[in-house]
Amino acid sequence: MSDARAVVISGPSGVGKSTLIDALLRKPGVRLAVSATTRKPRQGEVDGTDYHFVSPERFEAMRDNGELLEWAQVHGQSYGTPKSEIRSNDEDVVILDIDVQGWRNVKALGIDALGVFIAPPSIEELHRRLHARGSETEQSCDTRLQGAASELAAQNEYDHVVINDGVEQASKELCGIVLRTPQGNGT
Ligand code: ADP
Ligand code: 5GP
């Protein structure tokens, strides 16, 4: 078995990664590497589809058994990419929605992945989106916004930066990058 073509997508919480990735996943031959996490599911999130939601004990066991390609503490919870998620016999593009630490881990492992950073049009708009999503407590919003500055400072470590000003334009741009087609032709 070989590794699928990996594309890492990072960006601060609330910037619109999941929204843009959802559009990407509708394209044939694109799938998500489903991470394991100790955080609790949000309303509408499905175990095994959005994340493998696991206990801290199970996460530690996965880490200690060498089941994780990389892992990190993000906003006070553990997140990791199971190695099994990037193994493939096919030509699939596999999307890793991981943070800046994860991208650095992937690079350090020598994995030939493409890195795309999703940036907000402004910090004010990032605040607005995170609050508008309504998924976080006030404390969790604060933690996530505090982390945004250091995430944004790392954007030049990526191969591409896409500014998510409007979903349609950003989605076209991202599809073009991921599917290596001119903007808008990534069908
Ligand atoms: P992330 O996965 O990066 O944390 P989400 O995809 O959950 O972010 O998006 C956060 C919120 O912002 C959601 O309510 C989403 O509908 C909204 N959103 C995403 N992209 C845009 C955009 N370009 N303009 C306005 N709102 C957006
Ligand atoms: P959320 O809780 O909003 O779904 O994700 C929080 C952050 O964790 C996001 O920046 C997301 O990209 C990151 N993340 C999700 N899965 C992984 C993973 O497996 N590894 C790493 N390093 N980060 C992850």
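Could you grab me the full set of residues in segment 115-138 that are more than 20 Å from Thr19 (Cα to Cα) and either charged (D, E, K, R) or more than 14 Å from ligand 2 (Cβ to nearest atom) (or both)? Lay out the reasoning, then the answer.
First pass over segment 115-138, keeping only residues more than 20 Å from Thr19 (Cα to Cα): 137-138.
Glu138 - this is the single residue of segment 115-138 that is more than 20 Å from Thr19 (Cα to Cα) and either charged (D, E, K, R) or more than 14 Å from ligand 2 (Cβ to nearest atom) (or both).
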Filter segment 30-47 for residues that are open to solvent by less than 40 Å² (accessible area, probe 1.4 Å) and more than 16 Å from ligand 1 (Cβ to nearest atom); the one that is modelled with the lowest pLDDT is Val30
Filtering segment 67-110 for residues that are in contact (Cβ under 8 Å) with a residue 12 or more places away in the chain and away from ligand 2 (no atom under 13 Å from the Cβ) leaves a count of 7
How many residues of segment 1-29 are open to solvent by less than 50 Å² (accessible area, probe 1.4 Å) and hydroxyl-bearing (Ser, Thr, Tyr)? The answer is 2
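Go through segment 26-61 and give me each residue that's assigned to a loop (DSSP other than H, G, I, E, B) and closer than 26 Å to His131 by Cβ. Let's see the steps before the verdict.
Here is the first cut: in segment 26-61, the ones assigned to a loop (DSSP other than H, G, I, E, B) are 26-29, 33-35, 38-46, 48-50, 54-55.
Once the filter is applied, which keeps residues that are assigned to a loop (DSSP other than H, G, I, E, B) and closer than 26 Å to His131 by Cβ, segment 26-61 yields Ser35, Thr38, Arg39, Lys40, Pro41, Arg42, Gln43, Gly44, Glu45, Val46, Thr49, Asp50.
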Residues of segment 133-178 being part of a loop (DSSP other than H, G, I, E, B), away from ligand 1 (no atom under 11 Å from the Cβ) and under 30 Å from Ala108 (Cβ atoms), in sequence order, are Ala154, Tyr158, Asp159
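The values are calculated or read from the model by the stated rules, or taken from the named source; none is laboratory data. Note that this is a predicted model, so its numbers are computed, not measured. Methodologically, a virtual Cβ is constructed for each residue, glycine included, from the backbone with ideal geometry; neighbour enumeration extends over all protein chains shown. Quick note on the areas: whole protein, heavy atoms, side chains included, nothing else; ligands and nucleic acids left out. Shrake-Rupley method; radii C 1.70, N 1.55, O 1.52, S 1.80 Å.
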